[in-house]
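The structure appears below as structure tokens.
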Amino acid sequence: PLSPPYSPRSRSMVARLRLQRVGRRHLPVFRLVAADAKASRDGKYLEKLGTYSPIPDRNGLKHMSLNVKAVKKWIMRGAEMSEPVTWLLSRARLTPPAPIRGATRVSDGVGTQAETRAAQKE
């Protein structure tokens, strides 16, 4: 019998939501895409989910457009998110806020590790 041209492992790919740079030099614009985790940053993607412009306009606003249905669909499918995408989606209130890196709980709120050590010495 002939073996199929694919192996069972090749069919299961890990999807990742990440940013793909499409702007020109000194004017970055990013696409939010769902891509295979092994694909290069600016390579092929499975679906375009939105855009993000990190350069503020004249009013000081950064623009982001999202296809909310598609983003929720990929999250429900179990797609991993890069750190910038996690931050952007939490700002859009589609995901819970990401934990602050390097922060630990202190009795009076959230602080850095250095503040925690200083509070413990007192």
Directionally averaged shadow of the range 14-79, computed from the convex hull of its alpha-carbon atoms, nm²: 4.8
Cβ-based net charge around Ala15, under 12 Å, with every Lys or Arg adding one and every Asp or Glu removing one: +2
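Among residues other than Trp87 whose Cβ falls under 14 Å from its Cβ, what is the net charge (Lys/Arg +1, Asp/Glu -1)?
Combined, the nearby Lys, Arg, Asp and Glu give +4.
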Where the range 10-61 is the region considered: accessible area per residue in Å², 1.4 Å probe: 69
Length added when fully stretched, Ser82-Arg101, from 0.36 nm per residue minus Cα-Cα: 5.4 nm
Nitroxide proxy distance, nm - points 7 Å out along Cα→Cβ at Val14 and Leu94: 2.1
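The values are calculated or read from the model by the stated rules, or taken from the named source; none is laboratory data. A quick note: this is a predicted structure, and the numbers were derived from the prediction, not measured. Virtual Cβ from ideal backbone geometry, glycine too; neighbours counted across all protein chains shown. The protein model used for the area step is the full one, side chains on, heavy atoms only, and it has no ligands, DNA or RNA in it. Shrake-Rupley method; radii C 1.70, N 1.55, O 1.52, S 1.80 Å.
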